[in-house]
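S.K.: Input: one structure, supplied below.
The values are calculated or read from the model by the stated rules, or taken from the named source; none is laboratory data. Keep in mind that this is a model prediction, so the values were computed, not measured. Glycine gets a Cβ as well: all are built from the backbone with ideal geometry, and neighbour counts include every protein chain shown.
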Amino acid sequence: MQDNSEKTTHFGFKDIPEAEKASRVQGVFGSVASKYDIMNDVMSMGIHRIWKDAMMDWLAPRPDTRLLDVAGGTGDVSFRYLARAGRAHATVLDLTEPMLVEGRKRAEADQMASSLDWVVGDAMALPFAANTFDVYTISFGIRNVTRPQDALNEAYRVLKPGGRLMVLEFSQIPNEMMQKAYDLYSFNVIPRMGQAIAGDRDSYQYLVESIRKFPNQETFLGMVKAAGFSQASYRNLSMGIACLHSGWKI
């Protein structure tokens, strides 16, 4: 049997010991935190906003609910959820504290302060009791988790019966020629943008590599079901560049 200390995982296209991934991910997002929101707009030409709005449309936030937004970074999804719910509470959890610091600087964070918590924590070992939250979201974050299945299992644990999982993540375009065109853009343009805007080419090289290493839609759907979620399904966004996965704790 392989010892846990000898297990490996991917960090972009590199294989590294599992024990090193979390600190490397922290390094990536700590480096780009101050430019993260700007880079999201530039890299996606603003389309990430449409994807997040599509997430909210499917989620249909309700008043008097509790959201856990894992890998919530600068609070983008939580702000949208609270604005739509009207009266709710959101906990933004992220492994990298500088991302949360940047989120607290945003105008929305000040306006919604009474409805927000900011917590440093690990998606694979959430610091919350079972059956605590009505909704669990993770956006463009689960591919950076060392063991994504463990994160999904934790999502199931902390959700109340009747709770909803929603995962927004980059995925695979089910058309080989279009995928190749997208890869050309990703690998040739995005790292250069990272260097020009954030002064960090390597972090954005990792980010585009991590997208290609992430499971495709059907494989990830199987992981959602394996965590115990019912009525699991997904919707492709922008032809599969991104994908929304949904599941319920019944």
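S.K.: Considering only residues that are in contact with a helix residue (DSSP H, G or I) (Cβ under 6 Å, 6 or more places away or on another chain) and of a type in the set (A, V, I, L, M), look in region 126-150 and name the one that is nearest to residue 52 (Cα to Cα).
M.R.: First, the residues of region 126-150 that are in contact with a helix residue (DSSP H, G or I) (Cβ under 6 Å, 6 or more places away or on another chain): 126, 128, 130, 132-133, 136-137, 139, 142-146, 148-149.
Retained after the next criterion (residues that are of a type in the set (A, V, I, L, M)): 126, 130, 142, 145.
Numbers: 126: 23, 130: 27, 142: 15, 145: 20 Å.
For region 126-150, the residue satisfying everything is 142.
S.K.: Further, regarding this structure: Are there any strands (runs of 3 or more DSSP E) wholly within region 149-250 with 3 or more residues that are free of Cβ contacts under 8 Å to residues at least 40 places away in the same chain, and if so which? If you could, list the steps in order and put the result at the bottom.
M.R.: Working: elements: 159-170, 230-237, 242-248.
The qualifying strands (runs of 3 or more DSSP E) are 230-237.
S.K.: Let me ask you something else. Going through region 210-240 one residue at a time, which ones are surrounded by 19 or more Cβ atoms within 10 Å (Cβ to Cβ) and over 29 Å from residue 14 (Cβ atoms)?
M.R.: The answer is 229, 232.
S.K.: If we keep just the residues of region 73-93 that are without any contact (Cβ under 8 Å) to a residue 60 or more places away in the chain and assigned to a loop (DSSP other than H, G, I, E, B), which is surrounded by the most Cβ atoms within 10 Å (Cβ to Cβ)? Steps first, please.
M.R.: Just the residues of region 73-93 that are without any contact (Cβ under 8 Å) to a residue 60 or more places away in the chain, to begin with: 74-75, 78-93.
From what is left, the residues that are assigned to a loop (DSSP other than H, G, I, E, B) are 74-75, 86-88.
On the way: 74: 25, 75: 27, 86: 10, 87: 10, 88: 21.
If we take residues in region 73-93 being without any contact (Cβ under 8 Å) to a residue 60 or more places away in the chain and assigned to a loop (DSSP other than H, G, I, E, B), then 75 is surrounded by the most Cβ atoms within 10 Å (Cβ to Cβ).
S.K.: Which is touching a strand residue (DSSP E or B) at 6+ places or on another chain (Cβ under 6 Å), modelled with pLDDT of 95 or more and closer than 26 Å to residue 215 by Cβ, of 90, 123? Before the answer, list the steps.
M.R.: Values: 90 fails: closer than 26 Å to residue 215 by Cβ.
Unique residue meeting the criteria: 123.
S.K.: Same structure again: Quickly run through region 139-148 and pick out the residues that are among the polar types (S, T, N, Q) and not in a helix (DSSP H, G or I).
M.R.: Going residue by residue through region 139-148, those that are among the polar types (S, T, N, Q) are 139, 144, 146.
Selection gives 139, 146.
S.K.: Is there a residue in region 157-174 that is over 19 Å from the mean Cα position of the chain (by Cα), over 24 Å from residue 216 (Cα atoms) and among the hydrophobic types (A, V, I, L, M, F, W, C)?
M.R.: Step one: list which residues in region 157-174 are over 19 Å from the mean Cα position of the chain (by Cα), which gives 160-162, 174.
This time we only want the ones that are over 24 Å from residue 216 (Cα atoms), so: 160-162.
Filter once more, so that each one left must be among the hydrophobic types (A, V, I, L, M, F, W, C): none.
Within region 157-174 (the criterion being over 19 Å from the mean Cα position of the chain (by Cα), over 24 Å from residue 216 (Cα atoms) and among the hydrophobic types (A, V, I, L, M, F, W, C)), the answer is no, since none of the residues qualifies.
S.K.: Considering each of 203, 230 in turn, give the residue that is among the hydroxyl-bearing types (Ser, Thr, Tyr) and touching a helix residue (DSSP H, G or I) at 6+ places or on another chain (Cβ under 8 Å). Spell out the reasoning first.
M.R.: Working: 230 fails: touching a helix residue (DSSP H, G or I) at 6+ places or on another chain (Cβ under 8 Å).
After applying the criteria, what remains is 203.
S.K.: Is there a residue in region 127-139 that is out of contact with any Lys or Arg (no Cβ under 8 Å at 6 or more places or on another chain) and closer than 16 Å to residue 9 by Cβ?
M.R.: Going residue by residue through region 127-139, those that are out of contact with any Lys or Arg (no Cβ under 8 Å at 6 or more places or on another chain) are 127-129, 137-138.
This time we only want the ones that are closer than 16 Å to residue 9 by Cβ, so: none.
No.
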